[in-house]
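Reviewing the structure listed below.
The values are calculated or read from the model by the stated rules, or taken from the named source; none is laboratory data. The model shown is predicted, which means the values in this text are computed figures rather than measured ones. Cβ sites come from the backbone with ideal geometry, for glycine too, and all protein chains shown count toward neighbours. Heavy atoms of the whole protein, side chains included, go into the accessibility calculation; ligands, DNA and RNA do not. Shrake-Rupley method; radii C 1.70, N 1.55, O 1.52, S 1.80 Å.
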Amino acid sequence: MRSAWIRCGVLLALGFVGCKSSSSGGGGTAPAVDEIVLGEYGSMTGAEANFGQSTHNGILMALEEINAAGGVKGKKIRLVNYDDQGKTSEVGTAVTRLITSDNVLAIIGEVASSLSLAGGQVAQQHGVPMISPSSTNPKVTETGDYIFRVCFIDPFQGYVMAKFATDPKDQKGLGIKKVAILIDQRQAYSQGLARDFEIALLKVGGSIAGKASYQGGDQDFTAQLTQIKNAAPEAIYLPGYYTDIANIARQVRALGIPPTVPLLGGDGWESVTEIGGPAIDGAYYSNHYAPEDPRPEVQAFVTKYKAKHGRVPDSLAALGYDATMLFKDAVNRAPTIDRKAVRDAIAATKDLQGVAGKITIDAQRNARKPAVVLQIHSANKTAAFVTSISP
Ligand code: PHE
C-alpha cells in the first residue's frame, strides 16, 4: 500500500500549516485537536486511476467549501486518503489503517463494487460508517448497518439500459430486441449488472443473442467477439470499466461488426470518452448525472470544477462531492460527534439536494434516484444527455 497519499498536500490545500496540528500549550498536556478526521480509500493509481482521482477531486472541493465556511460544529474536517491501487488485496490494510491509526470518524469509498465489498467488511466490523459514493452492486450495503451509498443500484441501472434499448424510436429508445453481453468475470459490478440487464431485457420483451466473458485487464478479445459477431446481435451490452471498454470497442469495429450495431454500457464507462477514440463513437451508457443539467446545484459545481481542473467534472467527482456533503450534513444533525451517532444521522438523511440528484437514504441504506442515458461523441471527447429514466 502507498503510504498517506497526498496527505500533507490535502492539509496544505485546506489551509493547515503542516501534517499535524499542534499548539504550544505551556501546561504540558497534549492539546485537544479540534478537528474531525474523514477517511478515504480509492484507486489513485492503476487501471481504474480515474475513478479514484476524480472522486478525490470532488471530495476535496466539498471540503474546501465546508472548511472555508467554518467547518461543521466549529470543527474543520481533515481528510486522510490512501491509494488502494484498485486492488482488493490493498483494501483491507488501507481501511484498517484509517480506522485504527488515523482514528477516522467515517470513511468515503470505494468506487468499484468489489473493493467496497472488501472495505465494507472492515468498516462494519469496527463500527465505522462508510459511504460509497458510486458503488452500485446491491451487496455493498447489504454488508451491514454501517454501510451506505449515495447512488442508485444496478437492478435499476440494468433496467434503464434494457428499457432504452427496447423502447421504440419515437419514444426516445433504440427499438432493438436482440442484445449480446460481454462480462468481466473479475468484477462483482460487471457480473451483477450483466445479470440485472438480462433480467430486465427479458421482462421488456427483448432477448439475449449470446453471452461471453473476459478477465479485467485482458488485451485480446477476438475469441469472444467472434462468437458475438456470429450470433448477429442488434446491440452489444458491455457492463465493464473504461480501460477494458476502450480496448473492446476498438476490437469490435476491427472485427467488422458495423457501427449500426451500437455498444451499450453502464456507469463504469465514465471517462472512456478520453481514450476510446472513434471506435466508441455513438455508443450509449447509463450514468448518474449529466453536466448540462440546468439545476443550479449542477451548474455551480460544474463552473467551479472547470475553473479548478480545466475540464468538465464526471459523475465520480459529482458523487464524491455529494458523499462528503452528506457526511457533513449528518455530523451537523448528530447529537454527538461519534461513529454511532453519525451512523444514525446518515441513515436518517432525507431530501438532501446533491449535484447528482436528491438523496434520501432508504431502509436498505441506498439512494433512489433517476439515471441518465448519455451518447458518446468521440470527435470532441464528450458524452451528451439523451434521456433521463426514473425508478
Ligand atoms: N458503479 C461502479 C461499480 O459499482 C463504479 C462506478 C461508478 C464507475 C460511477 C464509474 C462511475 O463498480
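Data overview
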{"quantity": "Unmet criterion (only one of (1) over 16 Å from the mean Cα position of the chain (by Cα); (2) in contact (Cβ under 8 Å) with a residue 60 or more places away in the chain) for residue 319", "calculated": "(1)"}
{"quantity": "Spans of strands (runs of 3 or more DSSP E) in segment 45-136 with at least 1 residues within 14 Å of the ligand (Cβ to nearest atom) and not assigned by TED's automatic domain parsing to the domain that holds residue 273", "calculated": "106-108, 130-132"}
{"quantity": "Residue in segment 256-263 that is within 23 Å of the chain's Cα centre (by Cα), assigned by TED's automatic domain parsing to the domain that holds residue 193, among the polar types (S, T, N, Q) and more than 16 Å from the ligand (Cβ to nearest atom) present", "calculated": "no"}
{"quantity": "Matching residues in segment 212-243 - criterion: being open to solvent by 30 Å² or more (accessible area, probe 1.4 Å) and within 19 Å of residue 283 (Cα to Cα)", "calculated": "229, 232, 234, 243"}
{"quantity": "Count - residues of segment 269-313 that are at negative phi, open to solvent by 20 Å² or more (accessible area, probe 1.4 Å) and not hydroxyl-bearing (Ser, Thr, Tyr)", "calculated": "20"}
{"quantity": "Residue in segment 275-286 that is under 19 Å from the mean Cα position of the chain (by Cα) and over 23 Å from residue 390 (Cβ atoms) present", "calculated": "yes"}
{"quantity": "Candidates 228, 176 - the one that is more than 27 Å from residue 313 (Cβ to Cβ), in contact with a Ser or Thr (Cβ under 8 Å, 6 or more places away or on another chain) and not aromatic (Phe, Trp, Tyr)", "calculated": "176"}
{"quantity": "Contacts under 7 angstrom Cβ, first residue in segment 111-134 being more than 23 Å from residue 345 (Cβ to Cβ), partner of a type in the set (Phe, Trp, Tyr) and crowded, with 24+ Cβ neighbours inside 10 Å, 6 or more apart", "calculated": "111/51; 112/51; 112/189; 113/189; 114/189"}
{"quantity": "Residues being over 14 Å from the mean Cα position of the chain (by Cα) and either of a type in the set (Lys, Arg) or within 14 Å of the ligand (Cβ to nearest atom) (or both) - total across segment 142-179", "calculated": "13"}
{"quantity": "Search result, residues across segment 186-232 that are out of contact with any Asp or Glu (no Cβ under 8 Å at 6 or more places or on another chain), of a type in the set (S, T, N, Q) and touching a residue at least 40 places away in the same chain (Cβ under 8 Å)", "calculated": "187, 224"}
